[in-house]
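The values are calculated or read from the model by the stated rules, or taken from the named source; none is laboratory data. The model shown is predicted, which means the values in this text are computed figures rather than measured ones. Cβ: placed from backbone, ideal geometry, glycine included. Neighbour counts: every protein chain shown. These area figures cover heavy atoms from the full protein model, side chains too; ligands, DNA and RNA do not enter into them. Shrake-Rupley method; radii C 1.70, N 1.55, O 1.52, S 1.80 Å.
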Amino acid sequence: MTDTTTGTVEHLDPHTLTLEINVRPSAPLTSGFVQSIRHNGVLTPVLAYRTPDGTVHVRAGQRRTLAAREAGVPTIPVYIVDADQATAQRIVQQMIENDQRVALTDADRAAAFQQLAFEGLDVPTIAKRTGTTPKDISTALTVAGNEVAAAAVQEHALTLDQAADLIEFDDDEGVRADLIEVATHDPAQFAHAVQRARDERARAQVKADTEADLTARGFTILDRDRGYYDTDYTPLRDLVTADGDRATLNHIADVDGRAAFVRISYTGQPEVTYYLPDPNKAGLRKASQGSTGGPMTDEQKAERRTLIANNKAWASAEVVRREWLTTLLSRKTLPKDAPVVIARGLTVHRHAVSAATRDGNPLAHTLLGIEPGGYWDSDRLAAFLEQAPAKALHVALAVVLGAAESVTSKQTWRTPSPTDRAYFTQIAAWGYTLSHVEQLVTTRHDGDGDGDGDGDGDLVITDSQDVTADQE
């Protein structure tokens, strides 16, 4: 490797210098920077080498060279070294030089890592030479190798991690656009938005698979659920046999015109409603109906849609939240107030901790990355402590956080308990970004299930009410 400390400084016309490919795809020239060069000149020499034909190539200092040209500076100091330096070393020098002046953007960094990879350097070598973690380099290379992700970093100033998440949705332009919108306008919610997109995609796949199976079994797939006033189809749940017995799926397995509507619950499980267009032809009839509550009002339907959307959002947020807790407990140093939180958990919130301990602390194991044992050896935390006594505080905090987490459910956002509020308030104080539905936990009041503070509770849907495709 060339020792660049033995070169010579020459003052040369910036227009005579040749710029090599830079790790920064575009050298941003602000008016202030150009003005500074115009008044003060280039104070730090640019790094260059001279080829046998006399051409001087700039290795580091492209931005200063361009600014000097624009400012009309006649000469700039050029530090000229030997020309036998490897391309990879030049790129590394440029990265360091640029970071010392104007920090490289993620797009610049990804392009530089890609150039180093093209030069034959593997991830560990790039990491060592640039002082970057292997994980960040792998992410950068993944982004640089994907046209859409690389463009998102360059055009929308997304982080490399955000751009890497976009790659999952290469086949869905609409989802990518939504995620870019969140990343640029509400970046704190990006992780939640990504998880919701993942869950929606998974639900869509389950729905498609279920419908394909039903189609193969001869069912017509309906594009919407049937409601109170619909008369073209009768749901199987309302039918009985000639003897008055409840009709089952077996009664319509071979009936012409049989149909089905598929909805996917917030947990990702398919729920199928079966229908017949003419029950009489199948020897079935509608069961005698008692009084019903009639169809849902528009207000009830709107509340139902909110309920379903929030339940789905809660399920997605749970994934993000537990991943965050796992990361928190993997840190070498825990928050300073962790002992206080543990003490409160064992006293104020002891009922949740007691229930979790009785069940073997399964979530505490999960958050610590410990495989639970069998029925007679379900709690392996003590054995873990024997092997890693320095982790005692981590284990105690995992027990408390796992207990608080274990008592949460889709009902939590509607009717949060004091334990729920204390738990979500605490993890938010530690840096976890609450999703919009999780924020309801910390803002709702006792006895108020709908979040408006008036204590009138949430909508309760009865079996007699008309819940249509809004349930999906």
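Need the list of lysines near Lys391 for cross-linking: C-alpha distance under 19 angstrom, and skip anything on the same chain fewer than eight residues off.
Lys332, Lys336
Could you list which residues have their amide H under 5 Å from that of Leu239, counting only those 5 or more apart in sequence or on another chain, with H placed in the peptide plane?
The answer is Ala247, Ala287.
Kindly state, to the nearest 0.05, the FRET efficiency for Asp171 paired with Ala212, given R0 = 25 Å and r defined as their beta-carbon distance.
My answer for the efficiency is 0.85.
How large is ³J(HN,Hα), in whole Hz, for each residue of region 329-334 in order, when computed from phi with the Karplus curve 6.51 cos²θ - 1.76 cosθ + 1.60 and θ = phi - 60°, using x for Gly and Pro?
6, 8, 6, 5, 10, 8
Just how far, in whole angstrom, is region 118-181 from region 236-289 if you go by their alpha carbon centroids?
What the calculation gives is 50 Å, centre to centre.
Summing +1 for each Lys or Arg and -1 for each Asp or Glu, what net charge is found among the other residues whose Cβ lies under 15 Å from the Cβ of Val348? Don't skip to the answer; put the middle values down first.
Values: positive: Arg344, Arg350, Arg421; negative: Asp337, Asp420.
Charge balance in the 15 Å sphere: +1.
Filter the trypsin sites (Lys or Arg not before Pro) in region 307-348 down to the DSSP loop ones having no more than 16 other Cβ atoms within 10 Å, then list what survives.
Here the trypsin sites (Lys or Arg not before Pro) that fit, given the DSSP loop and packing criteria, are Arg331, Lys332, Lys336.
Could you give each residue of region 276-281 its phi-based ³J(HN,Hα) in whole Hz, using Karplus coefficients 6.51, -1.76, 1.60 with θ = phi - 60°, and x for Gly or Pro?
Rounded to whole hertz, the list is 10, x, 9, x, 4, 5.
Rounded to the nearest 20 Debye, what is the dipole magnitude of region 286-387 about its Cα centre when Lys and Arg each give +1 and Asp and Glu each give -1 at the C-beta?
Dipole about the Cα centre, nearest 20: 260 debye.
When only Cα pairs under 8 Å and 6 or more residues apart are kept, what is the percent relative contact order across region 200-275?
39 percent
Reachable lysines from Lys312, Cα under 18 Å, same-chain residues fewer than 8 places away excluded?
Once the sequence-local lysines are set aside, what remains near Lys312 is Lys207, Lys301, Lys410.
Whenever you get a sec, line up His156, His11 from highest to lowest accessible area (probe 1.4 Å, protein heavy atoms). Can you show the working numbers first?
Working: His156 80, His11 125 Å².
Accessible-area ranking of His156, His11, largest first: His11, His156.
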